[in-house]
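As structure tokens, the structure follows; a few thoughts come after it.
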Amino acid sequence: YVAKESTQLSAWYSDAQEASRLSHLSLLSDLRAAVQNDELQMWLQPKIRFNDHSCYGFEALVRWQHPQRGFISPAEFIPFAERTGYINHVTDWMLKQALQTLASWQHAYPQLSIAVNVSTKDLRDQSFPERVHQLLQQYQVKPENLQLELTESGIMENPGNAIPLLQSLRNIGIGLSIDDFGTGHSSLAYLQKLPVTELKIDRSFVINIDQQASTQRLVKTIIEMGHGLNLHVIAEGIETEAERDTLISLGCDSMQGYFASKPLHGAGLQNWLIHLADSIG
Ligand code: C2E
Ligand code: MG
Ligand code: MG
Ligand code: MG
């Protein structure tokens, strides 16, 4: 990782950017420390199936509470971690957290899955599937309980590279979800070749969908196409009852969003697990 980081950093060097370069340098060393000292946190947001209202799993979302800078959003530090080549360590940390949690749920909640977000950069590393396989064995977790979310744009950046890698992951038995679907210019030809199990409709289509007939037609088409390819279809970012009801009427399988629950951690997560059966009416 050292070589990659220094190439990237020297590319930023210019007088005008000196200040930001220095602050990024310290951010990078802070991120290293955060990973090493477990200052990051894994929050879990429930995924709910419409047909029986059951929670079948969670998406894992990273949180960073910086000792001086305060909360740093993943939308800010994930792209930064990608540029500096440090993202692999963040992914590894999240995978370990997810697997540790799944291992601890094995007896009480064997049906629950956790979905970890994987960066485009991870998809360029040919040894990634072997790494995931190793970790599954180390933590003694069934591959069916782990899911990986890959963005549509990340896959489409280099499909020739990504497809065999996805196939290796799929062969292990892990669920694969196309995240932010509808924003990444994938062609039907490629979609058919992707060895994935789930389509995740991007939140931009979900916002106020109850008031937009044209978005409803588009999303209906996406859902029918997903079902035609035998994929589970979930919508992200559902905030209102009206959005939820519209997605149900369009045939969507599941939902994730503030309407069901915000991402959970600690006592909030424990409370959710205790009330799993009667969680969502
Ligand atoms: P994403 O994978 O599409 O995750 C969904 C984002 O939408 C999360 O933001 C989640 O908190 C937020 N969200 C969920 N429901 C709602 C809702 O009803 N309304 C609104 N307004 N937002 C909702 P978050 O946690 O800030 O993450 C942002 C992005 O950062 C993620 O988008 C993902 O691309 C990336 N990210 C987060 N954690 C990780 C990680 O561990 N690894 C990688 N590579 N990327 C991550
Ligand atoms: Mg995601
Ligand atoms: Mg998403
Ligand atoms: Mg999204």
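When the chain is treated as a GNM with alpha-carbon contacts under 10 Å, the residue of HIS24, HIS227, HIS265 showing the greatest mean-square fluctuation is HIS24. Pick from LEU27, LEU123, LEU176: which is most flexible by mean-square fluctuation in a GNM of the chain where alpha carbon atoms under 10 Å apart are linked? Most flexible of the set in this elastic network: LEU27. Under a model in which nothing but the beta-carbon of Lys, Arg (+1) and Asp, Glu (-1) is charged, the chain shows a dipole of about 400 debye around its Cα centre. In the structure shown, do any of LYS96/LYS142; LYS200/LYS262; LYS47/LYS121; LYS96/LYS193; LYS142/LYS200; LYS96/LYS262 have a Cα-Cα gap over 20 Å, and if so which? LYS47/LYS121; LYS96/LYS193; LYS142/LYS200; LYS96/LYS262, as the Cα separations exceed 20 Å there. Report, please, the projected area of the chain averaged over directions, based on the convex hull of its C-alpha atoms, in nm². Averaged projected hull area, Cα only: 16.0 nm².
Cβ-to-Cβ counts within 10 Å put MET225, MET255 in ascending order as MET225, MET255, the fewest first. A simple charge model with +1 on the Cβ of Lys and Arg, -1 on the Cβ of Asp and Glu and nothing else charged puts the dipole of region 180-281 at about 260 debye relative to its Cα centre.
Here r is the Cβ-Cβ distance between ASP125 and ALA213 and R0 is 41 Å; the resulting FRET efficiency, rounded to 0.05, is 0.40. Between the residues VAL35, SER153, MET255, the greatest Cα displacement towards the positive end of the dipole of the chain, with unit charges on the Cβ of Lys, Arg, Asp and Glu, is found for VAL35.
Only the Cβ atoms of Lys and Arg (+1) and of Asp and Glu (-1) were treated as charged; on that basis the dipole of region 40-99 about its Cα centre amounts to roughly 80 debye. When the chain is treated as a Gaussian network with alpha carbon springs shorter than 10 Å, the biggest mean-square fluctuation among THR151, THR183, THR120 belongs to THR183.
What's the long-distance tail for region 176-276, i.e. % of Cα pairs beyond 20 Å? Result for the distance tail: 40 percent.
Bear in mind that the values in this text are calculations on the coordinates, not laboratory data. The shown structure was predicted, so the numbers you read here are calculated from the model rather than taken from an experiment. Because the Cβ atoms are built from the backbone with ideal geometry, glycine has one as well, and the counts that use them run over all protein chains shown.
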